[in-house]
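Here the structure comes first, spelled out in structure tokens, and everything after it is commentary.
What follows is calculated from the coordinates using simple rules that are stated; it is not laboratory data. Keep in mind the model is a prediction, meaning the values are calculated, not measured. Quick reminder, even Gly has a Cβ in these numbers, built from the backbone with ideal geometry, and neighbours come from all protein chains shown.
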Amino acid sequence: MNFYKKSLGQNFLIDKNIIKKIINIVNIKNKNIIEIGPGKGALTEEIIKKKPKSLVLLEKDYNLSKELKLKYSKKKIIYILNKDVLKFDFKEISKKKHIILGNLPYNISSQILVKILKNTKWPSGLTDLIFMFQKELGEKIVAKYPSKDYGRLSIISNYRFNIFKKFLVSPNCFIPRPKVTSMVIHFKPKERKEFNIKKIANLEKITNTLFSNRRKMINKNLKKILNKKLINKITNLNINLRPENIKPEIYYKITELYEAK
């Protein structure tokens, strides 16, 4: 009988070396840690060895969360929440400085990242974010302008984070074995921002609109967002370019003007 659920995108990390590499990306001794999707506790075990101040485990699978509660019932620093991360309010546990990490289910990994980006309180107490993604998605997140993978996810992610591609993980490191290679990415929140976007949801809307016709010039779609007077306020903007040929800073400026309308 399989102990994993395909519907939840469960692939359990079993390679000890990779687990240690992930845990060693940042110093977690005496820090508040939030782990998303701990599963059977492979990362959790290594986190505990590093002596964190507190450890919150967010596990959607009821049976797995029950197992974790039994396993760590005597560990006073560990709090296990049987919650869906996409419905969870991070403000409940993010008042203190904290690190979030996780081997994410491939099917909702981008949604989890965007949810954290959209956290209304920013800067939050988040000091580091370490996630594992499907390599193909990871390339889109770490992509720099200009490149073939540059697009919506890299524009949105770069607004609030400095992003570091750490290493790739072979399918052989998991059970069940996924069909794809994975990528571990380290995100560090930016302390200062050149632009002041009130809601990430607006940046998301702008990039969705302008990238809806990736191979066409932004001219028509931009006019759906801003009037001619506001468009003229954007320096170094060529409206005859495709969305992939426009710098992230231009998207941030468009969003600022959109919010100020």
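Brief remarks follow.
- Legend: ranking of residues Ile130, Ile23 from fewest to most surrounding C-beta atoms inside 10 Å; resulting order Ile23, Ile130.
- Within the chain, longest stretch clear of exposed GluC sites (Glu not before Pro) (DSSP loop, no more than 16 other Cβ within 10 Å): 1-190
- Cα pair distances in the range 91-161, grouped into 10 Å bins until the bin that holds the longest one, percent each: 18, 51, 27, 4
- Measure of compaction for the chain (Cα Rg per 2.2 N^0.38 Å): 1.09
- Rounded to the nearest 10 degrees, the inclination of helix 200-210 to the longest alpha-carbon principal axis of the chain is 60 degrees.
- The ranking of Met217, Met183, Met132 from fewest to most other beta carbons within 10 Å of each one's beta carbon is Met217, Met183, Met132.
- A Förster distance of 41 Å, applied to the separation of the beta-carbon atoms of Lys87 and Asn219, puts the FRET efficiency at 0.60.
- Estimated FRET transfer efficiency (Ser54, Lys229; beta-carbon r; R0 41 Å; 0.05): 0.20
- The trypsin sites (Lys or Arg not before Pro) of the range 103-142 meeting both criteria, a DSSP state outside H, G, I, E and B (loop) and at most 11 other C-beta atoms within 10 angstrom of the site's C-beta, are Lys121.
- For the range 143-261, alpha-carbon Rg and Dmax in angstrom: 16.8, 56
- Fully extending the segment from Asn107 to Arg192 would add 27.4 nm, taking 0.36 nm per residue of separation and subtracting the current Cα-Cα distance.
- Simple Cβ-charge dipole of the range 172-226, Lys/Arg +1 and Asp/Glu -1, about Cα centre, in debye nearest 20: 280
- Counted over the range 126-178 with a bin width of 10 Å, the fraction of Cα pairs per bin, in whole percents, is 21, 49, 24, 6.
- Exposure proxy order (Cβ contacts within 10 Å, fewest to most) of Thr255, Thr127, Thr207: Thr127, Thr207, Thr255
- Overall dimensions of the range 200-260, expressed as equivalent-ellipsoid semi-axes from the Cα gyration tensor (√(5λ), whole Å, largest first), are 15, 13, 11.
- Cross-link pairs exceeding 26 Å in C-alpha to C-alpha distance, out of Lys165/Lys261; Lys91/Lys179; Lys69/Lys121; Lys53/Lys91; Lys51/Lys87, comprise Lys165/Lys261; Lys91/Lys179; Lys69/Lys121; Lys51/Lys87.
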